[in-house]
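Participant: So that we are looking at the same thing, I have put the structure below in structure tokens.
The values are calculated or read from the model by the stated rules, or taken from the named source; none is laboratory data. Remember, predicted model here, so these are calculated numbers, not experimental data. Glycine also receives a Cβ, built like all others from the backbone with ideal geometry; neighbour counts cover every protein chain displayed.
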Amino acid sequence: MTFSTHITDVPDEQVAITCEDVTISYGAFEAVKSVFLEVPRGKVTAFIGPSGCGKSTVLRCFNRMNDLIPSFSLKGRIIYEGQDLYAKAVDPVEVRRRIGMVFQRPNPFPKSIYENIAFGARINGYTGDMDELVERSLRRAAVWDECKDKLQESGYSLSGGQQQRLCIARTIATQPDVILMDEPCSALDPISTLKVEETMHELKKDFTIVIVTHNMQQAVRVSDMTAFYNAVAVEGGTGKVGYLVEFDETANIFNNPRQQATQEYVSGRFG
Amino acid sequence: MPSPSADLFFRPGLLRNRGNQLLTIISCLCAVIVLIPLFCVIAYVLIKGIAVIRPQMFFELPPAPGMEGGGIANAFLGTIIVTALSCLFSIPVGIGGGIYLAEYGAGNRFSDFIRFGTNVLAGVPSIIAGVFIYGLVVATRLLFGNSYSAVAGGLALAVLMLPTIIKTTDEGLKLVPQELRWGSLGVGASKFVTTMKVVLPSAVAPIATGIVLAIARSAGETAPLIFTALFSPFWPEGIFKPIATMSVLVFNFAIMPYEAQITLAWAASFVLVFMILGMNLVARWISGLAKR
Amino acid sequence: MASSGSEGLYTLRHRPPSDKLVDQSFRFLVTALAALVAIILFAIFLVVTLDAREAIAKFGLGFLVNSTWNPSTENFGAFTAIYGTLLTSALALLLAIPLGVGTAIFLTENFIPSRYRTIIGNLVELLAAIPSVVLGLWAIFVLEPVLRPLLQLIHRLLGWIPFFSTMPTGPGVMPAVLILVIMVLPIITAISRDSLNQVPPDLRQAAYGVGATRWTSIFKVLLPAAISGIIGGVMLALGRALGETMAVTMIIGNSNNFTLSWFAPGNTISALLANQFGEADGLQVHALMYAALVLMIITFIVNVLAQWIVKRLSLKYS
């Protein structure tokens, strides 16, 4: 099998996160193999591909969320700010203060809406005006109008879409450098999805965003760059291993892909 | 000859229908037999208790053998003191151990071993807890030269409460959705902050329910106390001295040939059952709160 | 860094060492607290074994089969108590298992509306909350006197059987067994009910679908599917019965003379401990510790077996 991975030619200061030959395993089982990738700074990068191709797995390595899985191991290097994130001395908590994450299902804390925002900011030692930060974050996540009259009510009093935007607000309140989004709209209805996408357009002015999505239209709508992952059966073994097929500007991936597999996937012939 | 569909009619005389009915009746009988002692015990304790209980009993000491009247004030106070001491020892350890199992020990050998140990400890007979504390602190006078004491009683009860509290904490924390932990870690919180500020508050209701039930259980325990806290006919003299408790009072007085003592045993039983049923209701109420 | 203007407001982008220290110490603390369980368990074995040492050296394994318990001659054997412990628990379970499982079936079938079933279920659980010392008091003043005529009748009719060979006159093994039944019933009932409730409804529908009657499906489908939970509950009840002290002590009669009769006073290990520990000294304490060690080993084996059975059987049906 071939790993013809195209690395886009961008200058280094334009790169937020670099993957160098990253292979991720759970126990003896390899989930993703030999990923080379440079996530550009200040843009929206989408990860697409069929289920089981490891796109979420790679994303969750960017802020070391996979550390929570006991059998997890990683070979290769993930470089952020010139530092290998998986070097021994690196503290995953510090990584997560700079690289925030929005999860597949909305997961507000069982606290008030206000506290949901303030919690992360306080942890990051925010010294500014908290009320102002809460309002600004909620406004930028486009959920202020729904929340402004009930800041002291539980985060669970919101609808699913509003909860997800609350989670986005919670993440931007900590002012991270990069925001990772793991299928942020998969649990939402179309109207909420649209609102979250609008929020993303707003956010890419200030943040580097990496989003995993199984919805190709969404990738087209929100992203500048797209990485297509695929899964192949392991030779002589059971299960599948994921790999990065192609990484390019979104327009190229969807209109003019280099790889056969990409062509088939984006034209809906499989997956 | 009936029409073909008549073959579908229920025939009560059929062997299998007779058998079914018989078994149904037997199972109803089982339920009735199980409920009878329950009603008898509770009804008898309540009736007997209400008949003998007087408000002064909560302010008076038990009488000397052969004398009339008296109360259970010292034992009432003692039960509260010993139970409070046992909470003091077991709750921090139990919650801490439960946090380890649920949050830090995922899948490792040591936590499997501790879980197994918790189950074994839960199966240790209550009298053994008493024997253990007797051998550890009473006989050796480990606690500043004191032998029988309220603290020793509290320790023995704590040994019994510990596995319950660990288990409820462990199970309560496991009910907290994983996404909540991710959310907190995702904004850069440390594991300590995540556990204390996000996970533990979400599991307060099941943990509190378990703890209240454990307290209710230990308040009625007698076996671990008879040779640790011992008994005392006087007011509590401090936590390093022998102390009266209601459960030991019932045991000691039940076999005395004096009417006054037996009356007090019934009164103490009434108060104990009342307290314990009350705590069970509180536990139900807490877990009901959580469901809303 | 994406340098936005407010970046300077976040003073804790880098964790201060104290933050890491707290995180590490907390981890260490809870690990230590968890380890305390193992330490306590180990300490229990150690304390009891060390205190039993002298008696073990003096009586050896003969302690288990010697039925004399004589403090004045310092000749101690725990056979009567061990026999009593095993006998009362076995008889209690024999009576409680059918009653408990029968009640559990009653509570999971739709014989009566579910509202009443929930109430009955809760009542049975309340029975478990009554302190054993209160049950003992009740046994002395209510159960035993009420039951005595019935036991006497059995003695008159079946007195030729060694188990019923003595005239019941007060405290004895049989009342102790009955109070044990009352104590373990809630455990067996509650756990069996939960196990039966967890059997997927499809299984029952499948049985009904092939024309099984209610009770055929209960015996052939529901009970086998729930068996691991039920056995787990029974083992738990056995552990409880073996170690139960107060109610038994108050009603069993505390006699160390061995007899086959169930109507005569007897003893159990925990009753022996409860009665004699307070006033014992010298070798008697060590003999009591030896008896405690025996009780601990028995309950330990039962509990480990229970955990093992539940694990094995639940794997089979998962």
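Participant: When you go through (1) at pLDDT 90 or above; (2) under 19 Å from the mean Cα position of the chain (by Cα) one by one for C:G102, which number turns out not to apply?
Facilitator: For C:G102, the exception is condition (2).
Participant: Of all residues in the stretch B:220-233, count the ones that are more than 7 Å from every other protein chain (Cβ to nearest Cβ) and of a type in the set (G, A, S).
Facilitator: The qualifying residues number 2.
Participant: Please work out if C:L305 is in a helix (DSSP H, G or I), surrounded by 18 or more Cβ atoms within 10 Å (Cβ to Cβ) and either modelled with pLDDT under 90 or facing another protein chain (nearest Cβ under 9 Å) (or both).
Facilitator: no
Participant: Quick one: what pairs do we get from the stretch B:113-128, first residue more than 7 Å from chain C (Cβ to nearest Cβ), second assigned to a helix (DSSP H, G or I), C-beta under 6 Å, 6+ apart or different chains?
Facilitator: B:A122/B:P163
Participant: Across the stretch C:264-280, which residue is farthest from the chain's Cα centre (by Cα) among those that are of a type in the set (A, V, I, L, M, F, W, C) and more than 7 Å from every other protein chain (Cβ to nearest Cβ)?
Facilitator: Once the filter is applied, the top-ranked residue is C:A280.
Matching residues to (1) modelled with pLDDT of 90 or more; (2) within 30 Å of C:R193 (Cα to Cα); (3) within 9 Å of chain B (Cβ to nearest Cβ):
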site: C:T68; (1), (2), (3): no, no, no
site: C:A90; (1), (2), (3): yes, yes, no
site: C:P113; (1), (2), (3): no, yes, no
site: C:Y116; (1), (2), (3): no, yes, no
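Participant: Now a separate question. With the requirement that a residue be among the charged types (D, E, K, R) and farther than 20 Å from A:K148 by Cα, what does the stretch A:94-117 give you?
Facilitator: Residues satisfying the conditions are A:E94, A:R96, A:R97, A:R98, A:R105.
Participant: Further, regarding this structure: Do the conditions hold for B:E237, that is, is it in a loop (DSSP other than H, G, I, E, B) and more than 9 Å from every other protein chain (Cβ to nearest Cβ)?
Facilitator: Details: in a loop (DSSP other than H, G, I, E, B): yes; more than 9 Å from every other protein chain (Cβ to nearest Cβ): yes.
Yes; evaluated as a whole, the condition is true for this residue.
Participant: Here is a further query. All but one of (1) more than 14 Å from chain B (Cβ to nearest Cβ); (2) in a helix (DSSP H, G or I) hold for C:L288; which doesn't?
Facilitator: C:L288 satisfies all of (1) more than 14 Å from chain B (Cβ to nearest Cβ); (2) in a helix (DSSP H, G or I) except (1).
Participant: On to the next question. Out of all the residues in the stretch A:99-118, which are small (G, A, S) and at the interface with another protein chain (Cβ under 9 Å from one of its Cβ atoms)?
Facilitator: Scanning the stretch A:99-118 gives a single hit, A:G100.
Participant: On to the next question. Scan the stretch B:221-240 for residues that are within 27 Å of C:L137 (Cα to Cα) and surrounded by fewer than 24 Cβ atoms within 10 Å (Cβ to Cβ) and jot them down.
Facilitator: Of everything in the stretch B:221-240, those that are within 27 Å of C:L137 (Cα to Cα) and surrounded by fewer than 24 Cβ atoms within 10 Å (Cβ to Cβ) turn out to be B:L230, B:F231, B:S232, B:P233, B:F234, B:W235, B:P236.
Participant: Does A:P92 count as in contact with a Gly (Cβ under 7 Å, 6 or more places away or on another chain) and within 14 Å of chain B (Cβ to nearest Cβ)?
Facilitator: No, not satisfied.
Participant: Given (1) of a type in the set (A, V, I, L, M); (2) more than 9 Å from chain B (Cβ to nearest Cβ); (3) more than 22 Å from C:V221 (Cα to Cα), identify the lone condition not met by C:L126.
Facilitator: (2)
Participant: Sticking with this one: Starting from residues that are without any contact (Cβ under 8 Å) to a residue 12 or more places away in the chain and among the hydrophobic types (A, V, I, L, M, F, W, C), keep the ones in the stretch C:159-178 and report whichever is surrounded by the fewest Cβ atoms within 10 Å (Cβ to Cβ).
Facilitator: Looking at residues that are without any contact (Cβ under 8 Å) to a residue 12 or more places away in the chain and among the hydrophobic types (A, V, I, L, M, F, W, C), I get C:W160.
Participant: Let me ask something else. Pick out the one residue from B:L77, B:L46 that is in a helix (DSSP H, G or I), touching a helix residue (DSSP H, G or I) at 6+ places or on another chain (Cβ under 8 Å) and either in contact (Cβ under 8 Å) with a residue 24 or more places away in the chain or of a type outside the set (S, T, Y) (or both).
Facilitator: B:L46
Participant: Now a separate question. Can you list residue pairs whose Cβ atoms sit under 8 Å apart, with the first residue in the stretch A:149-168 being acidic (D, E) and the second being surrounded by 23 or more Cβ atoms within 10 Å (Cβ to Cβ) and modelled with pLDDT under 90? Count only pairs 6 or more apart in sequence or on different chains.
Facilitator: From the stretch A:149-168, no pairs qualify.
Participant: Looking at (1) more than 8 Å from chain C (Cβ to nearest Cβ); (2) under 30 Å from C:L147 (Cβ atoms); (3) crowded, with 18+ Cβ neighbours inside 10 Å, can you tell me which one B:L22 breaks?
Facilitator: Of (1) more than 8 Å from chain C (Cβ to nearest Cβ); (2) under 30 Å from C:L147 (Cβ atoms); (3) crowded, with 18+ Cβ neighbours inside 10 Å, only one is false for B:L22: (3).
Participant: Can you name the residue in the stretch B:91-112 that is more than 7 Å from every other protein chain (Cβ to nearest Cβ) and either in contact (Cβ under 8 Å) with a residue 40 or more places away in the chain or in contact with a Cys (Cβ under 8 Å, 6 or more places away or on another chain) (or both) and is also surrounded by the most Cβ atoms within 10 Å (Cβ to Cβ) among such residues?
Facilitator: B:G94
Participant: For the structure I just gave you, tell me whether C:I252 is more than 8 Å from chain B (Cβ to nearest Cβ) and either charged (D, E, K, R) or without any contact (Cβ under 8 Å) to a residue 24 or more places away in the chain (or both). Can you show your working first?
Facilitator: Details: more than 8 Å from chain B (Cβ to nearest Cβ): yes; either charged (D, E, K, R) or without any contact (Cβ under 8 Å) to a residue 24 or more places away in the chain (or both): no.
In short, no.
Participant: Ok, one more. Look through the stretch B:195-219, keep the residues that are more than 10 Å from chain A (Cβ to nearest Cβ) and among the polar types (S, T, N, Q), and return whichever of them is surrounded by the most Cβ atoms within 10 Å (Cβ to Cβ).
Facilitator: Ranking the candidates gives B:S218 first.
For (1) surrounded by fewer than 22 Cβ atoms within 10 Å (Cβ to Cβ); (2) away from chain C (no Cβ under 14 Å); (3) hydrophobic (A, V, I, L, M, F, W, C); (4) touching a Leu at 6+ places or on another chain (Cβ under 8 Å), each residue gets a yes or a no:
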site: A:C61; (1), (2), (3), (4): no, yes, yes, yes
site: A:L68; (1), (2), (3), (4): yes, yes, yes, yes
site: A:G120; (1), (2), (3), (4): no, no, no, no
site: A:V143; (1), (2), (3), (4): no, yes, yes, yes
site: A:G155; (1), (2), (3), (4): no, yes, no, yes
site: A:R170; (1), (2), (3), (4): no, yes, no, no
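Participant: Looking at (1) polar (S, T, N, Q); (2) touching a Cys at 6+ places or on another chain (Cβ under 8 Å); (3) in a helix (DSSP H, G or I), find the lone condition where A:T171 falls short.
Facilitator: (2)
Participant: Something else: Which of the residues that make up the stretch B:168-194 are surrounded by fewer than 24 Cβ atoms within 10 Å (Cβ to Cβ), within 11 Å of another protein chain (Cβ to nearest Cβ) and either in contact (Cβ under 8 Å) with a residue 12 or more places away in the chain or in contact with a His (Cβ under 7 Å, 6 or more places away or on another chain) (or both)?
Facilitator: Residues satisfying the conditions are B:V176, B:L180, B:R181, B:K191, B:T194.
Participant: Out of curiosity, is C:L203 more than 14 Å from chain B (Cβ to nearest Cβ) and free of Cβ contacts under 8 Å to residues at least 12 places away in the same chain?
Facilitator: Spelling it out, it is not the case that C:L203 is more than 14 Å from chain B (Cβ to nearest Cβ) and free of Cβ contacts under 8 Å to residues at least 12 places away in the same chain.
Participant: Let me ask another. Could you run through the stretch A:36-52 and say how many residues are under 13 Å from the mean Cα position of the chain (by Cα) and assigned to a loop (DSSP other than H, G, I, E, B)?
Facilitator: 1
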